Amino acid sequence: MQRTQNDSASTDLLDMLDVELLTSIQAHVEERGSSASAYVVPMNRIFIQDGNTDERCVVVFAPHTARKDVRIEQRRIYTDVRTTPDRKHRACLMLADGAVALTEAAVVGAAPLRYGRLVVFWIFADDIVISEYPYLDVVDEALRRTSRVADTDAYQVRRGVTFHLASRQTAVEVFDSFDVDSYIPGEH
């Protein structure tokens, strides 16, 4: 895992994280040839410091995207049905002012409703940053509704209609989701 040299905040964050785990995730992404993937990771596994929590976070690995292309500081989230490259419909949580479509599987795996927040570690081509998004009952219900719509044949007819209009084109679509305990070796 290469250290970013953008600012000291990124370097400080990298010093707190398990670099071996991040390197394993990077190798998994490269093996798969994926443009972006999500990994659901226990917080106490990604941080070097021992912690007594069962909270999970999502690591979004976007190796072909620059940090400046995604406004992660925008905390508004919403749901949408997105079409994968193999033409399947997936419910997604839209983050970063609509620039990122995060598959429902990653969100469900992280169980953010339990803590009222979704913590995301972003690994861009040029930076590593962390962000936190409020995750309340209303968002969880919206994601469940969106999932039901994506699973219905009726969506095929209505596919030109979206639930919300993003203010920008999606820069990162994350349809691949993995539970790090199942896919990435390590002690846990």
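The values are calculated or read from the model by the stated rules, or taken from the named source; none is laboratory data. Small disclaimer: the values here were computed from a predicted structure and weren't measured. We place every Cβ from the backbone using ideal geometry, glycine too, and count neighbours over all the protein chains shown.
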Pick from segment 135-188, criterion at pLDDT 90 or above and part of a loop (DSSP other than H, G, I, E, B), ranking: farthest from the chain's Cα centre (by Cα)
Leu136
Those residues of segment 115-135 which are within 16 Å of Ala99 (Cβ to Cβ) and among the hydrophobic types (A, V, I, L, M, F, W, C) amount to Leu118, Val120, Trp122, Ile123, Phe124, Ala125, Val129
Hey, does segment 103-124 have a residue that's under 15 Å from the mean Cα position of the chain (by Cα), more than 21 Å from Thr23 (Cβ to Cβ) and at pLDDT below 90?
no
Got a sec? Which of Val107, Val119 is touching a residue at least 12 places away in the same chain (Cβ under 8 Å) and touching a Leu at 6+ places or on another chain (Cβ under 9 Å)?
Val107
Asn52 fails exactly one of the following numbered conditions: (1) more than 24 Å from Leu113 (Cβ to Cβ); (2) more than 13 Å from the chain's Cα centre (by Cα). What is the number of that condition?
(1)
Scanning segment 22-49 for residues that are among the polar types (S, T, N, Q) and part of a helix (DSSP H, G or I), the one nearest to Arg117 (Cα to Cα) turns out to be Asn44
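Say we look at segment 83-117 and pick out the residues that are more than 16 Å from Val138 (Cα to Cα) and in contact with a His (Cβ under 8 Å, 6 or more places away or on another chain); which of these is surrounded by the fewest Cβ atoms within 10 Å (Cβ to Cβ)?
Thr83
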Mind checking whether some residue in segment 110-125 is in contact with a helix residue (DSSP H, G or I) (Cβ under 6 Å, 6 or more places away or on another chain), part of a helix (DSSP H, G or I) and not basic (Lys, Arg)?
yes
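When you check Thr65 against the structure, is it among the hydroxyl-bearing types (Ser, Thr, Tyr), in contact with a Leu (Cβ under 9 Å, 6 or more places away or on another chain) and either assigned to a strand (DSSP E or B) or farther than 30 Å from Thr152 by Cα (or both), yes or no? First the steps, then the outcome.
Details: among the hydroxyl-bearing types (Ser, Thr, Tyr): yes; in contact with a Leu (Cβ under 9 Å, 6 or more places away or on another chain): no; either assigned to a strand (DSSP E or B) or farther than 30 Å from Thr152 by Cα (or both): yes.
Judged against the criteria, Thr65 is not a match.
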